[in-house]
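We did not get these values from a lab; they are worked out from the coordinates using the rules stated. The structure presented is a predicted model; accordingly, all values stated were derived computationally and were not measured. As a convention, Cβ positions derive from the backbone with ideal geometry for all residues, glycine included, and neighbour counts pool all protein chains shown.
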Amino acid sequence: MKKTVVIIIVLFLSSCLKLDDNLFNPKNTIKQYELDNYTGEQDFKLSSFYDIPSNLITELTLESKTENETESTKIKAIYVGDVNTIATDTIILYCHGNKWHIDFYWQRTKLLAHVNGKNKYGVLILDYRGYGLSEGKASEQGMYADVDAAMKWLKLKGCQNQNLIMYGFSLGTAPTCELTSKPRTLEPSKIILEAPFASADVMANDGAQLSMPATFFTDLKIDNAEEIKNVNAPFLWIHGNNDNFLNYKTHGQVVFNNYKGTYKEFFIVDGADHGEVPAKMGFDKYLEVVGKFIRKP
């Protein structure tokens, strides 16, 4: 009996101690952003209809620094739209998922650039530290500082709270919830969470099939289910009902239920796994749902 217990604990720890690595997965290193010329793995590939003119694609270098750091970290980002009209445009700040880099999420970025009309809104996407061409080592607090650095750039360009929409996918739902529930530089007027996870605790328990607090094996403090309680901005939740990475019932549904703000709506995508939501939903339907939510007064 003792031997069985020891084996279970060892197996539990060997998998859970890797939670940070699994959550922050910036592998697949690159030397430059290829965007439409990228030939690596992607969740889907859009037709030429969604191509963005080169004069509306701006590569940026942002300076990011956490409260405990004395030196800043250089973060790479790409803005899609007219930089000169940021002060009057609606801006979607896109926080990507846990793996790879902007090239992997470029198709998603282009799709968002077509919400309610081609390039009607600006879209800003960044690579967290340790991802893509961004410097530094991936971390929770670093990620929050990186996204806030993107907000600082937008604010310098004249972006106002009422014109900012935050969109978080998977890991990106953490900075979206954190920086909306406890605003730093800007306070988003609306948030969209695609395939959000409830917390590091739930993520660990789902993977280990044992109910033990995440603090037992990781330093992650991410808790979207709690953060969302302090969010008042209108909230759209989108999730696939076949998500094998973040089960929509134990993760997204919990976050949705905990929201007590001004307005919320959801769209469950039948048959969609973790990265399949836009494609399984259908690009036209995806743009319709997101567009209608952003237009809502």
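Tabulated data
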read-out: ³J(HN,Hα) computed for each position of region 163-177 - Karplus, 6.51 cos²θ - 1.76 cosθ + 1.60, integer Hz, glycine/proline x; value: 9, 9, 10, 9, 10, x, 10, 6, 4, x, 6, 5, x, 5, 5
read-out: Degrees separating the helix 283-295 axis from the principal Cα axis of the chain, which is the longest one; value: 80
read-out: Residue among Gly252, Gly271, Gly81 with the largest mean-square fluctuation in a Gaussian network model of the chain, springs linking Cα atoms under 10 Å; value: Gly271
read-out: For region 151-165 versus region 53-95, the gap between their alpha-carbon centres in whole angstrom; value: 10
read-out: Solvent-free Debye scattering, log10 I(q)/I(0), computed from the Cα coordinates of region 74-211 at q = 0.08, 0.18 Å⁻¹; value: -0.20, -0.99
read-out: On Cα atoms only, tilt of 2-16 relative to the major axis of the chain in degrees; value: 10
read-out: The chain - Debye-derived log10 I(q)/I(0), Cα point model, q = 0.10, 0.12 Å⁻¹; value: -0.51, -0.74
read-out: The chain, relative contact order [Cα under 8 Å, separation at least 6], %; value: 16
read-out: Most to least packed among 285-291, 186-192 [average Cβ atoms within 10 Å]; value: 186-192, 285-291
read-out: C-alpha long axis of helix 102-112 to longest principal axis of the chain, angle in °; value: 60
read-out: Too-long pairs where the Cα-Cα distance tops 21 Å, listed order kept, from Lys137/Lys190; Lys190/Lys260; Lys110/Lys155; Lys74/Lys155; Lys190/Lys229; Lys182/Lys249; value: Lys137/Lys190; Lys110/Lys155; Lys182/Lys249
